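No value in this document is a laboratory result; all are computed from the given coordinates. Not measured: the values here are computed from a predicted model. In this analysis, Cβ positions are derived from the backbone assuming ideal geometry, glycine residues included, and neighbour counts consider all displayed protein chains.
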Amino acid sequence: MFVQTQSDFAKMRSLIGPVVLASAAVVSASSNYTCLPGDSCWPTLEQWTTFNESVAGALKVTHPMEEPCYADSSSEACQAVAAAYTNLTGAYRTSFYGETVNLNWEYCGNDQCLLESLAPLEGISGTCKLGRLSAYYVDAQTADQVAATLKFVQEHSIRLSIKNTGHDYFGRSTTANSLALWVHNMQDISYAETFTPEGCSTERENVGIIGAGVEAATAYTFFADKKMHVTVGAVASVGIAGGFGQGGGHGALGPSYGLMVDQAIEFDVVTADGELQTINECTDSDLFWAMRGGGGSTYAVLLNYKFQLHPAVPMNVFAFTANLTETPTNISESTIHRDIVAAIAKNQTQWANNNVSGYNFFLPYNIISVQILPSADTEALKTLTKDYANFLSNLPGLDIIANEYATLDTYPEYTAFALPFLGTNGPLGVGITEAARLIPRTLFETDDSVDALVEAFLYGMQTSLEEGAGLGTGSGQIYHTGPSNNNDESDSTGVNPAWRGSLWHVIHGGIWTKAESQEERAQIQTTAGHAIQKFKDLTPGGGSYLNEGDVNEEDWQQTFFGDKYDRLLGIKQKYDPTGLFNCFKCVGWTGAEDPFYSCYKQEGQVPTIPLDASQNTVTAS
Ligand SMILES: Cc1cc2nc3c(=O)[nH]c(=O)nc-3n(C[C@H](O)[C@H](O)[C@H](O)COP(=O)(O)OP(=O)(O)OC[C@H]3O[C@@H](n4cnc5c(N)ncnc54)[C@H](O)[C@@H]3O)c2cc1C
Ligand SMILES: *[C@@H]1O[C@H](CO)[C@@H](O)[C@H](O)[C@H]1NC(C)=O
Ligand SMILES: *[C@@H]1O[C@H](CO)[C@@H](O)[C@H](O)[C@H]1NC(C)=O
Ligand SMILES: *[C@@H]1O[C@H](CO)[C@@H](O)[C@H](O)[C@H]1NC(C)=O
Ligand SMILES: *[C@@H]1O[C@H](CO)[C@@H](O)[C@H](O)[C@H]1NC(C)=O
Ligand SMILES: *[C@@H]1O[C@H](CO)[C@@H](O)[C@H](O)[C@H]1NC(C)=O
Ligand SMILES: *[C@@H]1O[C@H](CO)[C@@H](O)[C@H](O)[C@H]1NC(C)=O
């Protein structure tokens, strides 16, 4: 019934779409936060100064990370930026407010301060401009600073943006002409052997407590010392408490324990009314439910994330990489690709039932397959993957590069081992576009449905090959890192229900660098959408992960939130009645015609020049 209502809702939206488009007045009325530099509502310098005092001097002028290169590419500062531009660990990038991990969200229209990913020191010309970055940001470290910032933007009707690491694939952490709240420096981290959530009677054991800015690597390193595991993702610099921990959060421990949102026990948040609140299932069950999966930047500013840890066990890994001796010109007709994808699909249910997670990356000329089992039984993975490993080892047409089992005693050792294989998961410092789908368990049950999955995947790779997806041309990824054994029967999280009972998270993406024109970038995104189409056809009413989806997705409410959208929206309206928190294709989104989303269009423009433009721009000599 609910699904029905949702699709009717989607149909209705598509019908009223053009009407909304035609009437600018209706559109601008949808947000209360529209003040632009130069408008009379915009604070005077004196008001900015007073505000700065109210946040204890934490107001800062943005300098794009790449700015030193536009000033002098031989400077030490520029050399450091260039050396780390595409570094897979990402910690250098995320130490700046003035960057996003994917280049997509730093530029707007022709305004940008990008470097060429493949040759960062070459061809730097023009003026370094802010693009989507805010001219000012608050380097917030306390609840008081957050509350003062929320009060100030409300008084002046200024748009707010919240940035943690800048990993978001929809650019939800940067909005041109917003005042940015940067939570990166909230770095507290602690371990509680026992913990009782406020207002609850049940004591929990092994609880992690982290500030909003803590990144995966900091957390798994800290908790490994306590002999505990934390359910992080594949990349060291992704934050835990922001988009990841409020939107889903899948990783190598997913089949064992579920998503990050499944581990959540309690949050400290500042709500739109400026109040610091401690929320959990006992005190604020609605808001807590919504913030466990309903997405970042929607309900409140999160300050601390408290979550279930798990006693550490060894990480057992099977890692396989091979080049094809001959690169096929038509992937749909490549028996090697077909046989490997089929083998994964056939084994998938059994692997999932036994807590095996995995990452598989396919290119026309190369295959990476990594299967992972967190377990004290260091032989179990070998038993579960024996046939698969034998099959790969003997498959004709492959130049095997790596083919090994390893047992890593700690999580940091596991990530060091896995990095060369999983690096493909997310190159940093490039432009990335994706389209994805969550594939339910039922589609792995019969030979016919398995054939259909294999066909859909090869079709996606072939579409990407034919249409072109930049450096990602012909690629496809199959992850099984979701909550295959955690169905959240008690409905304690607001996360997309398509996650539950899903075994695959399939992604077709593309990669561009500064050299590609805006038309080419747009075309790469379109390719990704085309490539995932057969999986959409196989999963009517299904969905994809809001953090790793198609930015062009039209049916975004159903796709990213499923039948939880209405409840999520109701809670949003209750806790954020003025729409202070707003982000792209998030619950309660104001829509593409909201001028603050113009940067998502090719012709996008930063509406006006920030007041203190002279402080923010540097022209290459
Ligand atoms: C290279 C790469 C690898 C990835 N790998 C994985 C993976 O393995 N598993 C997985 O699940 N996902 C993965 N992701 C997706 C990731 O979950 C999202 O990019 C997510 O948005 C990152 O959250 P963040 O807080 O680090 O990033 P940000 O871009 O800083 O923030 C994301 C969103 O959360 C909001 N937000 C941030 N902090 C707060 C806060 N304190 N309070 C309220 N709102 C906040 C922001 O406004 C924004 O809307 C990956 C992404 C990349 C780029
Ligand atoms: C805010 O105040 C601090 C401390 O006085 C100062 O260093 C900083 O430059 C000020 N920010 C702005 C934008 O002027
Ligand atoms: C990436 O950064 C890490 C951490 O700073 C560093 O150890 C590593 O050498 C860098 N890698 C490259 C290829 O520069
Ligand atoms: C999967 O992992 C969970 C958490 O450690 C454990 O309770 C469960 O027994 C495991 N399942 C199997 C089949 O080993
Ligand atoms: C695999 O193929 C790629 C592309 O042709 C090539 O660059 C790489 O060197 C090959 N790797 C090995 C180990 O042969
Ligand atoms: C690729 O192979 C498929 C399946 O045989 C076929 O339908 C398709 O037309 C081929 N594409 C090209 C470009 O040859
Ligand atoms: C796993 O894949 C291998 C290789 O295709 C196959 O021999 C084996 O039967 C599969 N296992 C299951 C449980 O389907």
Quiz item: Can you work out ³J(HN,Hα) from phi for every residue in the range 132-149, in order, using Karplus 6.51 cos²θ - 1.76 cosθ + 1.60 and θ = phi - 60°, giving whole Hz and x for Gly and Pro?
Solution: 7, 5, 6, 6, 10, 9, 9, 7, 7, 10, 10, 4, 5, 5, 5, 4, 5, 5
Practice problem: Quick one: check the C-alpha center-to-center distance for the range 416-453 versus the range 143-197, whole angstrom. | Solution: 30
Quiz item: Taking H as built 1.01 Å from N, whose amide H comes closer than 5 Å to the amide H of Ile432, not counting residues under 5 places away?
Solution: Leu103, Asn104, Trp512
Self-check item: DSSP-loop GluC sites (Glu not before Pro) across the range 400-491, with at most 16 other Cβ within 10 angstrom
Solution: Glu445, Glu489
Self-check item: Diffusion coefficient, µm² s⁻¹, Stokes-Einstein with Kirkwood Rh over alpha-carbon pairs of the range 422-540 at 4 °C and 1.567 mPa s
Solution: 85
Quiz item: Shape call for the range 315-553 from the C-alpha gyration tensor, a ≥ b ≥ c root eigenvalues: rounded (a/c under 1.5), prolate (a/b greater than b/c) or oblate?
Solution: rounded
Quiz prompt | Loop GluC sites (Glu not before Pro), the range 203-296, which have at most 11 other Cβ atoms in a 10 Å radius of their Cβ (DSSP) | solution = Glu203
Quiz item: Which of the residue pairs Lys346/Lys572; Lys227/Lys574; Lys163/Lys346; Lys306/Lys572; Lys536/Lys585 have a Cα-Cα distance greater than 30 Å in the structure shown?
Solution: Lys346/Lys572; Lys227/Lys574; Lys163/Lys346
Quiz item: For Tyr136, which sequence-distant residues (separation of 5 or more, or a different chain) have an amide H within less than 5 Å of its own amide H, given hydrogens modelled in the peptide plane?
Solution: Thr62, Ala180
Exercise. For Ala312, enumerate residues with amide H under 5 Å from its amide H, sequence gap 5+ or separate chain, H modeled in the peptide plane.
Key: Met228, His229
Exercise. Give the shape of the range 422-482 as rounded, prolate or oblate, defined through the alpha-carbon gyration tensor: a ≥ b ≥ c are the square roots of its eigenvalues, a/c under 1.5 means rounded, and otherwise the shape is prolate if a/b is larger than b/c and oblate if not.
Key: oblate
Quiz prompt | In order through the range 491-502: 3J(HN,Hα) via Karplus (6.51 cos²θ - 1.76 cosθ + 1.60), integer Hz, x for Gly, Pro | solution = 6, 8, 10, x, 6, 3, x, 4, 5, 6, x, 8
Self-check item: Rg and Dmax [Cα atoms of the chain; Å; Rg one decimal, Dmax integer]
Solution: 23.5, 73
Self-check item: With Cα atoms, 0 to 90° folded angle of helix 335-353 axis to the chain main axis
Solution: 80
Quiz item: Starting at 0 and stepping by 10 Å, how many percent of the alpha carbon pairs of the range 189-311 end up in each bin?
Solution: 15, 50, 32, 4
Quiz item: When the Karplus curve 6.51 cos²θ - 1.76 cosθ + 1.60 is applied with θ = phi - 60°, which whole-Hz ³J(HN,Hα) does each residue of the range 478-490 get, with x for Gly and Pro?
Solution: 10, 10, 10, 10, x, x, 4, 10, 10, 8, 6, 4, 7
